[in-house]
Amino acid sequence: PPPPPPPPPDPREVLKPLRLSTYQLAALIPMLRGAAPTAIISVEDAVRTLQQAAALAGSRALPHSWLALLPSQLTSFVALFDRPASGMIDWRRLVLSLCEIPRPTPAQVASVVKELEEVGEPLSNAVGLGVASSLHLWFASSGEPPVKEGENGVPYVEGHREKALHDAVLSIFTRGGKVEMLDMLFYVSAAPVVADAV
């Protein structure tokens with residue numbers, strides 16, 4: 001019998017400028033983790049990694065337009081995450097800024113904490129990956145966006161595919177098979193009142 005047809009391509013994500021698709025996040029996160037497993041990286045090394053990601057043929061880890069950015073422009077962008085001007089950043093903050101994730105309300109943070117308590121897993125920086133994967137996070141709980149067809153016949157969605165974004169965000173904060181859930185909630189929180197809900 002003839003081979004089965006190939007699966008349809010994943011819909012392309014149409015995002016705001018400077019945002020990365022979940023495909024790009026899945027390619028970039030391992031590169032940054034390889035450069036800095038503890039997530040703390042110098043501004044210079046972060047810029048170098050981003051340049052490598054943009055230039056890596058076929059990786060599509062960054063939009064091709066990033067190749068046109070001057071090193072000084074990339075450095076200025078990365079330095080935004082160097083709050084104490086120490087020359088070091090936490091690359092997890094940088095990557096989160098490139099996602100389209102709404103900041104949670106205190107009630108949404110409290111809901112995550114409650115869900116963890118219900119499965120007997122306290123909020124910590126060592127939540128099992130299986131448990132974390134089952135959580136109903138506020139940015140991935142409203143259902144997948146509808147798939148539309150572009151002029152060239154290529155399917156697309158407006159925004160991120162929810163399941164793929166959920167997986168990408170967890171991968172940002174996964175180390176040694178455990179999810180640093182406390183860090184994740186603090187990093188995506190908009191204001192101290194949200195952090196106070198933890």
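The values are calculated or read from the model by the stated rules, or taken from the named source; none is laboratory data. Here the structure is a predicted model, which means the values were calculated and not measured. Counting neighbours? That spans all protein chains shown, and the Cβs are built from the backbone with ideal geometry, glycine included. Remember, those area values only see protein heavy atoms, side chains included, never the ligands or the DNA or RNA. Shrake-Rupley method; radii C 1.70, N 1.55, O 1.52, S 1.80 Å.
Yes/no matrix, rows are residues, columns are (1) outside any strand (DSSP E or B); (2) out of contact with any Gly (no Cβ under 8 Å at 6 or more places or on another chain); (3) modelled with pLDDT of 85 or more:
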| position | (1), (2), (3) |
| --- | --- |
| PHE139 | yes, yes, yes |
| GLU151 | yes, yes, no |
| VAL157 | no, yes, yes |
| LYS163 | yes, yes, yes |
| ALA168 | yes, yes, yes |
| LEU182 | yes, yes, yes |
| VAL194 | yes, yes, no |
Quickly run through the range 118-169 and pick out the residues that are hydroxyl-bearing (Ser, Thr, Tyr) and either closer than 21 Å to SER97 by Cβ or open to solvent by 80 Å² or more (accessible area, probe 1.4 Å) (or both). SER142
Being touching a residue at least 60 places away in the same chain (Cβ under 8 Å) and open to solvent by 20 Å² or more (accessible area, probe 1.4 Å) is the requirement here; does PRO106 meet it? yes
In the range 75-89, the residues that are in contact (Cβ under 8 Å) with a residue 12 or more places away in the chain, in a helix (DSSP H, G or I) and open to solvent by 40 Å² or more (accessible area, probe 1.4 Å): THR75, ALA79
Does any residue of the range 90-98 turn out to be surrounded by 12 or more Cβ atoms within 10 Å (Cβ to Cβ), touching a strand residue (DSSP E or B) at 6+ places or on another chain (Cβ under 9 Å) and of a type in the set (Phe, Trp, Tyr)? yes
Please state which of the following conditions PRO1 fails to meet, knowing it meets all the rest: (1) under 30 Å from VAL147 (Cα atoms); (2) at pLDDT below 85. (1)
